[in-house]
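A short reminder: the numbers here are calculations on the coordinates, not readings from a lab. Values in this document were obtained by computation on a predicted structure and should not be read as measured data. Note that we place each Cβ from the backbone using ideal geometry, even for glycine, and neighbour counts take in every protein chain shown.
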Amino acid sequence: MAEESRGAIAAAFTANLGIAIAKFAAFAFTGAASMLAEGIHSLADTGNQLLLFVGGKRAHRPPDELHQFGHGGERYFYAFVVALVLFSLGSLFAIVEGIDHYLHPGSVEDPLWAYVVLAISIVLESFSLRTAVKEARPRKRQLSWPSFIRRTKSPELSVLLLEDSGALCGLLFATIGVTAAQITDDARWDALGSVAIGLLLAVIAFVLAVEMKSLLIGESASGPNAEAIRAAIESCPEVRRIIHLRTLHLGPDELLVAAKLDLAADSYEELAREIDQVEAAIRAAVPIATVIYIEPDLYRSVEPPPGR
């Protein structure tokens, strides 16, 4: 796991743990359903950061006989588990609690506690989101934030950006719910705030699950890396033509490159030397290209499908 991802996870873990404790204390004093929903939300987020840490640590295990390309995909798997936790523990709980409090409304006691905790939570979540944005910005380049979340190969940054953004929106819903319940003296507004938080978490969990599913199945190199690999191969004078080029992310920082090339070699010795030069050019252009397979072949006007 990259240092920037580790720092963003640490900041999010610290913020969410403190926020979860404060929200549960506020629920104990106020009985507000939205505060309970937010407390469970922050507790789930805290657990999610632990899952990301575990995934990052397990991804660094060396290759073995069963996993000969290493364990980089562990980071994708644990990020997918995060999406499931966010949906089951966060979203469903908040919706069920909100519906129960709507059907059996109580009252919001001492709302000042809720306002103080909500204000502190907004500050801490803003700090956590700021850290995630700061760490993601160098990778984002010219992409919009939605495009970055869809295209980044770093699952931790996607999770943190979506979690922290969702947390701030959830705090807004909780503030509206508690305020409306106090003004109208109708606790059902607070219950509706809990339902809104649950629906928001469901949307975030769905987006995360879809993105992590794509990474688990296997995504090719991003546009800049793909272009750099092709340019590096074409820069080698020994390469007459690129016949086929395929890439696959084994993990966020591990890329497999497979290429079928028409090379100019006249002997086995020259062929081996040219292949080594092409591999060196690729690694110099894209250091995360850790696994490279070059297949020499002759170009034909009609090529068989890849893999034949």
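For the reader, a short list of remarks on this structure follows.
- Kirkwood Rh, Cα atoms: Rg over Rh of region 1-108: 1.14
- Within region 227-256, backbone nitrogen closer than 19 Å to the virtual label 7 Å beyond the Cα of Ala280 toward Cβ: 229-240
- Folded to 0 to 90 degrees: helix 188-217 orientation relative to the chain principal axis, Cα: 10 degrees
- With 0.36 nm allotted per residue and the present C-alpha distance subtracted, the His104-Val291 stretch has 61.3 nm of extension available.
- Ordering of 49-60, 71-82 by burial proxy (mean other Cβ atoms within 10 Å per residue, highest first): 71-82, 49-60
- Largest first and in whole Å, the equivalent-ellipsoid semi-axes of the chain read 51, 16, 15, each the square root of five times a Cα gyration tensor eigenvalue.
- Entries in Lys57/Lys153; Lys57/Lys213; Lys23/Lys140; Lys23/Lys57; Lys140/Lys213; Lys57/Lys134 that, when Cα-Cα distance is taken, lie over 27 Å: Lys23/Lys140; Lys23/Lys57
- Eligible aspartates and glutamates near Lys260 by straight Cα distance, threshold 16 Å, same-chain separation 8 or greater: Glu234, Glu238, Glu274, Asp276, Glu279, Glu295, Asp297, Glu303
- Net length gained if the chain between Ser220 and Asp186 were fully extended (0.36 nm per residue, minus Cα distance): 6.9 nm
- When each of the peptides 204-212, 237-245 is scored by how many other beta carbons lie within 10 Å of its residues on average, the order from highest to lowest is 204-212, 237-245.
- Size of charge dipole - the chain - debye, nearest 20, with Cβ of Lys, Arg +1 and Asp, Glu -1, no other charges: 400 debye
- Fewest-first ordering of Ser267, Ser165, Ser88 by other beta carbons within 10 Å of each residue's beta carbon gives Ser267, Ser88, Ser165.
- Each pair of Cα atoms in region 223-296 enters the Kirkwood radius, and Stokes-Einstein at 4 °C and 1.567 mPa s then converts it into a translational diffusion coefficient of 106 µm²/s.
- Region 159-283: Rg to Rh, with Rh as the Kirkwood radius over Cα pairs: 1.39
- With both labels modelled 7 Å from their Cα along Cα-to-Cβ, the His67 to Ser235 distance reads 3.3 nm.
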